[in-house]
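The values are calculated or read from the model by the stated rules, or taken from the named source; none is laboratory data. Here the structure is a predicted model, which means the values were calculated and not measured. Cβ placement follows ideal geometry from the backbone for every residue including glycine, while neighbour counts extend to all protein chains displayed. For accessibility, only protein heavy atoms count, side chains too; no ligands or nucleic acids. Shrake-Rupley method; radii C 1.70, N 1.55, O 1.52, S 1.80 Å.
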Amino acid sequence: MKKARQAVEYAAKLLGFSGVGVTSASTEQGDTLRRWVREGCHADMIWMERHLTVRENPQLLLPGVRSIIMLTYEYPRIDSRSVAGSIARYAQGEDYHKLLAPKLADLDETLSFYGGVQRCFTDSGPVSERFFAACAGIGWIGRNGLLVRRRGGSYCFLASILTTLDLPTDEPMANHCGNCHRCEDACPTGALRDGSCDARLCLAYWTIEAGEGADMPPEVRAVQGEHMYGCDACQEVCPWNRRAGDMRVDAHLLMPARLAKTSPKELATMSEAEWQDIFAQSPVRRTGSVHLRKNIRSMSVSPS
Ligand code: B12
Ligand code: SF4
Ligand code: SF4
């Protein structure tokens with residue numbers, strides 16, 4: 001199966017993926033995730049409770065799965081907004097689910113040629129993406145809970161391909177956080193504890209995932225600052241993110257100039273049709289205009 005692995009690596013590079021690693025589908029995940037859910041750290045993401053058993057056993061996703069291929073795809077390293085109101089880097093351009101799906105389908109086809117049956121995901125299924133990426137030697141799980149790489153840091157999407165092929169695997173990488181605790185210190189809400197993030201305190205959760213009817217707790221709202229959509233505070237301070245300015249980023253993921261210049265006040269007051277137009281290709285669309293406008297109203301900077 002060495003040939004299949006070489007083929008998929010080659011095709012992944014051509015398709016713009018920046019990293020590829022492979023781990024065995026039978027790698028034990030331990031009870032970190034179950035404990036996290038038991039403690040309620042998933043907030044109102046009830047689907048995380050529902051998917052626990054499947055997350056722990058990839059055989060339930062793809063019977064006969066033997067290997068998991070993990071891939072990275074870079075997103076912008078800079079915040080392109082020229083006015084107040086930040087949008088997390090991963091969401092500045094087009095929706096990555098739509099961008100990566102056809103690329104993953106191409107890789108699926110490549111592996112099928114070698115007799116494999118596959119299922120592909122990018123933040124779209126019950127797969128422990130960070131865990132498997134760490135097992136596949138792509139990076140380590142940092143104190144910010146994210147997958148951090150020696151080259152490129154954490155500014156990347158993860159995608160996974162479950163395959164029935166028995167591919168050569170990689171060794172996990174050592175953790176290179178050392179004595180650094182910058183991410184924990186920089187988190188405005190204190191959401192980071194023991195290398196994992198408590199969604200109940202995370203600005204990314206409140207500004208993206210929480211339903212539009214849910215109200216940010218006062219202590220989180222008090223430190224929201226100008227986070228309009230998502231939060232990168234625990235990544236901005238990471239030394240590994242400062243060292244990789246030369247990583248190639250897909251132009252589709254860059255922020256359109258029009259959005260970069262539109263103030264929070266304009267976003268909050270524009271018509272629904274204009275809003276749908278400005279976010280037509282964006283992952284922000286999934287969160288919806290009601291929720292985004294609500295985030296803007298609770299920001300502690302002037303929305304103008
Ligand atoms: C739910 C979720 C969220 C929630 C909860 C955050 C969280 N920390 O889990 C919210 C909405 C808050 C969120 C926020 C963000 N998210 Co998010 N999120 C997810 C999602 C869908 C599931 C994560 C999850 O299961 N968390 C629960 C924890 C406990 O599980 P886990 O991280 O997988 O942990 C495993 C390992 O860490 C392992 N483990 C940990 N320690 C140890 C030790 C031992 C000994 C063992 C055996 C195992 C082990 O156990 C766990 C189970 O396997 C993933 C996609 C996916 N399917 O994986 C994206 C994902 C993690 N998010 C992503 C991103 C980009 C973000 C944000 C940066 C977005 C933003 N800028 O606003 C923030 C960052 C917040 C942060 N610091 O974590 C990316 C991360 C890319 C990367 N480089 O790591 C992912 C992978 C999506 C993707 N495909 O690209 N997210
Ligand atoms: S995304 Fe923001 S709020 Fe969430 S853990 Fe990171 S710094 Fe804290
Ligand atoms: S900021 Fe420091 S502790 Fe946090 S992930 Fe980066 S290297 Fe690790």
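The table below gives the values:
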quantity	calculated
Residue with peak Gaussian network fluctuation, the chain [Cα springs, cutoff 10 Å], from VAL284, VAL83, VAL148	VAL83
Euclidean distance of C-alpha centroids, the range 1-28 and the range 121-192, integer Å	16 Å
Most to least packed among 29-42, 199-212 [average Cβ atoms within 10 Å]	199-212, 29-42
Contour excess over end-to-end distance, with Cα ends at LYS3 and THR32 and 0.36 nm allotted per residue	7.0 nm
Residue-span extension gain [GLU171 to ARG285] - 0.36 nm each, minus C-alpha spacing	37.2 nm
Additional length obtainable on full extension of the chain from ALA101 to TYR10, 0.36 nm per residue less Cα span	31.0 nm
Nearest 10 degrees, 0 to 90: helix 2-14 Cα axis against the chain principal axis	30 degrees
Cβ-Cβ FRET estimate between SER82 and ASP123, R0 fixed at 35 Å, reported to 0.05	0.80
Solvent-accessible area per residue for the chain (1.4 angstrom probe, square angstrom)	47 Å²
Pairs of lysines in the chain (C-alpha under 27 Å apart; 8 or more residues apart or interchain)	10
Heavy-atom accessible surface of the chain: percent carbon and sulfur, 1.4 Å	51 percent
The chain: most fluctuating residue of ILE278, ILE68, ILE141 per GNM, C-alpha cutoff 10 Å	ILE278
FRET efficiency for LYS265 and GLU219, using Cβ-Cβ distance with R0 set to 22 Å, rounded to 0.05	0.30
